[in-house]
Amino acid sequence: MDTANRRLAELRIALVGVPNCGKTALFNRLTGGRQKVANYPGVTVERKEGHFRDRAGRPYCVLDLPGAYSLSPTTLDEAITRDLVLGRVAGEAPPDVIVCVADATHMPLSLRLVLEVQRLGHPMVVALNRSDLARRRGFRLDAAKLSAVLGVPVFETVAIAPGGADPLIEGLAPYLPRDPDAGMPAAGNGAVCDLAPDRESTERTQQLVPRILAEVGYREPLRTRAATRADAILMHPAAGMLVLAAVLFLVFQAVFSWAEWPMDRIEAGVAALSGWLSGVLPAGALRSLLIDGVIAGLGSVIVFLPQILILFFFILVLEDSGYLPRAAYLLDRLMGNVGLSGRAFIPLLSSFACAIPGIMAARTIPSVRDRIATIMIAPLMTCSARLPVYALLIAAFIPVRRVGPFNLQGLVLFALYAAGVFAALAVAWVMKRFLTKRTYHPLMLELPDYQWPDLRSLAVGLIERARIFLRRVGGIILSLMIVLWFLASYPAPPPGAAGPAIEYSFAGMLGRALHVLFAPIGFNWQIAVALVPGLAAREVAVSALGTVYAMSATDTALESALQPVIASTWSVATGLSLLAWYIFAPQCLSTLAVVKRETQSWRYPLIMAGYLFALAYLASFVTYRMALAFAP
Amino acid sequence: MSVAATALPVPLSTLRRGARAVVQTVLAETPVIDDALRSTVGQRLVELGFVCGVEIEVVESMWPIGDPLAVRVRGSTFALRRREAAAVMVVPAGVAA
């Protein structure tokens, strides 16, 4: 009863707008960044919903629809937006009011979409976003006049300023159902017509656009000198490529050097906690579980939070600033040679953070074939979950030395990332050769104006990432660590056993069984054990190594520091072999599950798992044998 | 804006960096983007603003053969491949200084 009443009193609005109109910033402004991210049923288009209340405490529910240039879609994202405003998505009621977000500084694209949405006959209002920027450029769009011409309410908003959405919120109040039985005040329900806009009607609308804009005082933005100059460099076929390479290089150097201080602090904190616990807890199974299982396992993963946040910081800044589409422009031809679209650059770059959002971002690629190719190589982009493994091994086996102005460890990391990229290009090329059916897939990518990243959206994005990471640490990683601790502790060694307890346990037995498979590539049984829970999430391999070694340690001093232990017990060849393994690292069940869901078939996840495993084994084998030959 | 009306329309893909032109038409036959969604390159180009009488400018183009091109239309910039740009017929309006 209670929830039913609230449902009725809540006004459901949906934000519709062309890409780059500031829709997401407006969504964050309305909801204060509190959002529920899920998927639409049956498809993997991200569904973002949030709630807010106006000054009088009346509740609103706001849905952020994927950006769309038009209601005749060319991508899955645009198809969802169309279906949702038409009320065609199963289990999803059509919104009470459509809020069409228009970019006051780029009106032609926005206004055409507004006219198209208006034709649906659904209650709608227009949010004239970035109205401050328009004013700074010396013109003021006459919102009242636009409202009169269109016959729908128009409100000026500034999504990036505090209170910038207030006019819109006030404007929505009249649409609130006054009491649960009254229904909507505005007419138009039921008038929803099906539309399949053809060229002719689109052209007619397009002829209308400049006439309306002239009436309301719109001025087309001139290309600023700064933007012209920036493009001349950043989009220059040679200079632009150099800048792109430098930017990527800087990002990877920063990931290593900026994160050092916070990582040291976290490590010290974990060591202190485990020291304190071993002082207050009596020796026994509980102490072992907490210190060897939970703290040794989780501590070795949580330490990578700073690096992951730094990586996401750069990705979000590059995305917000308008640079990423320009990088896609630069790389389009190059990527075309191996059968990829320049559009694949953005999903692939996201895959450096995690393959899952990358694979999901691939749905913005219109063609199915390009999309599959992008999905299949996304796991070769070194995801942040591999960073803990790389960081551990590099710190253990690569000396701290300066090579010119660079740090050798940073260089090795860069080389590992580069190896992943080259492997991806090679795989894409092979797929292009075998998938002969070629259809045409356009680029048609908007290069938005440069802008300073919005700090608020940046903060919201980073907090969201930190939350996702910590939830993984607290959920899946924690439970796996407890299971692994159990496997590593039982059965207990027979009385009078000489070696560490773990060698007699289930984990020890499993490790020795798997060792047969991994011995040719130089992995010891501890690594073999750690690879198993690493199936669930790659970074778990590090926690698992932490637990395995903590459990094998006879000397308690070894418990907190994994890196010196492996540095002294593994050969360099083994360390390099494991590094090579992780370039391909097939074991990430969540990635495979997402691929299954995205492609709606078992075929692609199975092919992916198979080819990644084969490449990983091959790479490790070659690396191990070469390392043995050159540096025995 | 008086553009040399005598100039013959050429495909947008033949323009060089810095060239300005006026759109005459988008060809009727353009590549299909997605069969299921019944979308074509032509429909999308019209939606993006490539309609008769609109001024455009090629602001950047990639070596060696101008693929892709960055085209400014009605205050927005789009990256188009040669093949997409070939669907837009334009009347050149001289080269910007």
Per-selection metrics, region B:10-95 (Cα): Rg and Dmax in Å
12.1, 41
How many Å³ per residue does the convex hull of the Cα positions in chain A occupy?
191 Å³
Per residue of A:443-450, how many C-beta atoms from partner chains lie within 10 Å of its own C-beta, taken as a mean?
6
In degrees, nearest ten, helix A:323-337 long axis to first principal axis of chain A (Cα):
70 degrees
How many angstrom lie between the C-alpha centres of region A:375-410 and region A:292-333?
13 Å
Hey, can you grab everything whose amide H is under 5 Å from the amide H of A:ALA165? Only 5+ residues off in sequence or another chain; H modelled, so Pro and N-termini drop out.
A:VAL158
Compute the angle between helix A:107-118 and the longest alpha-carbon principal axis of chain A, please, reported from 0 to 90 degrees and rounded to the nearest 10.
80 degrees
Set of lysines near A:LYS23 by C-alpha distance (under 25 Å), chain-local residues within fewer than 8 positions excluded:
A:LYS36, A:LYS48, A:LYS145
Quick one: of the DSSP bridges fully inside chain A, what percent are antiparallel, nearest 5?
40 percent
Taking amide hydrogens as modeled 1.01 Å from N in the peptide plane, which residues meet the under 5 Å criterion relative to B:SER61, leaving out close sequence neighbours?
B:ALA70
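Hey, what did chain A get for relative contact order, percent, Cα under 8 Å, at least 6 apart?
Over chain A, the number comes to 11 percent.
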For chain A, longest principal axis from Cα atoms; helix A:260-280 axis from its Cα atoms; angle between them, nearest 10 degrees, is 60 degrees
What is the distance in Å between the Cα centroid of region A:89-133 and that of region A:591-626?
43 Å
What longest region of chain A stays clear of trypsin sites (Lys or Arg not before Pro) that DSSP places outside H, G, I, E and B and that have at most 12 other Cβ atoms within 10 Å?
A:179-400
Straight-line reach check, A:LYS432, cutoff 24 Å on alpha carbons, 8 or more apart in-chain or any other chain, hits among lysines -> A:LYS596
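FYI, it's all coordinate maths here, none of it is from the lab. Quantities reported herein were computed from a predicted structural model and do not represent experimental measurements. Cβ: placed from backbone, ideal geometry, glycine included. Neighbour counts: every protein chain shown.
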